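This report concerns only the one structure given below.
The values are calculated or read from the model by the stated rules, or taken from the named source; none is laboratory data. For clarity, every value in this text was computed on a predicted model and none was experimentally measured. Positions of Cβ are backbone-derived with ideal geometry, glycine not excepted, and every protein chain shown enters the neighbour counts. The accessibility values were calculated without ligands, DNA or RNA, using every heavy atom of the protein model including side chains. Shrake-Rupley method; radii C 1.70, N 1.55, O 1.52, S 1.80 Å.
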Amino acid sequence: MYPGFVEPLIFRRPAVRFAAAVARLIDLALAALMLAAAAPVMVLIAAAVLCESGPPVFFSQTRLGREGRRFRMYKFRKFRERGDTAGRPVTIDDDPRFTRVGSFLARTKLDELPQLWNVVRGDMSLVGPRPESLAFEDCFAGAHRAVLDHKPGIFGPSQALFRNEAIFYRDRPDPEEFYRRILFPLKAQIDLAYFGRRTLCRDLGWAVRGGLAVFRGSAGSQKAARLVKEAEDRYLAPSGHPMAEPHIARHLEWSDL
């Protein structure tokens, strides 16, 4: 198991505390290198946002971190709204709130580059469950609460699989309710299956896949669509449950998305 993400009580053991410190140094070093490499692109994005719609360049929002601690997560602003919430808590395909630059940033995921600063600060890791907005804090109940045992990250299995999450809200009368009933439980089961048995090598693999997803577009969409359909069928069945079957979720860590 990747030692940077063990349960808090285990940190009492000196060897594990040392391993966790090493894991943190790896996160810090890689995030700093990625920030330096991405700096020219980030300057261009900032200029484009300013030229199209003026300040602010960045959008920040309070998110849930490890053990439910709250932190400010940063992105490049892609909506016309400039407040903390910027409207609904989910982003739909062809969202009317997008600016033209924002639509490009959403398609490429380049709006998430500022989250490398969150990794440097220690709010996030490069690889971990997606940090959830406060609007869905109540979803972390029962077995789902265990997702908060892990530090949130930029990359991970659920992020790669649902890179194009917005397409699943098409023709949904209530996208927020769909997220609560179907997508959140599905992603939680995927995260719990993976992060309980993670290794450094697998984490690095997901970070690479996450970076490649910028260029691969719809990679993984067919598998995601199949899992969403199966989750919906179970939810609508008389004795169904919206959570993904464990054997399906465990298989995802080996999948070539």
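Put a dot 7 Å past the Cα of L204, heading toward its Cβ, do the same for R226, and the two dots end up 3.0 nm apart.
For q = 0.22 Å⁻¹, what log10 I(q)/I(0) does the range 80-229 give under the Debye formula with an equal point scatterer on each alpha carbon and no solvent? Values returned for q = 0.22 Å⁻¹ are -1.92. Straight-line cross-link partners of K151 among the lysines, defined as a Cα under 16 Å from its Cα and at least 8 positions apart when in the same chain: K187. Extension gain for the segment F58 to F104, taken as residue separation times 0.36 nm less the Cα-Cα distance, is 15.0 nm to one decimal. In this view, the solvent-accessible surface of L204, computed with a 1.4 Å probe and all protein chains in place, comes to about 80 Å². Rolling a 1.4 Å probe over the protein heavy atoms leaves T62 with an accessible area of roughly 30 Å². Accessible surface of L25, taken over heavy atoms with a 1.4 Å probe and every protein chain present, rounds to 110 Å². Here the accessible area of the range 160-199 is 46 percent carbon and sulfur, with a 1.4 angstrom probe and all protein chains present. Taking all protein chains together, K109, K78 sort by accessible area into K109, K78, largest first [probe 1.4 Å].
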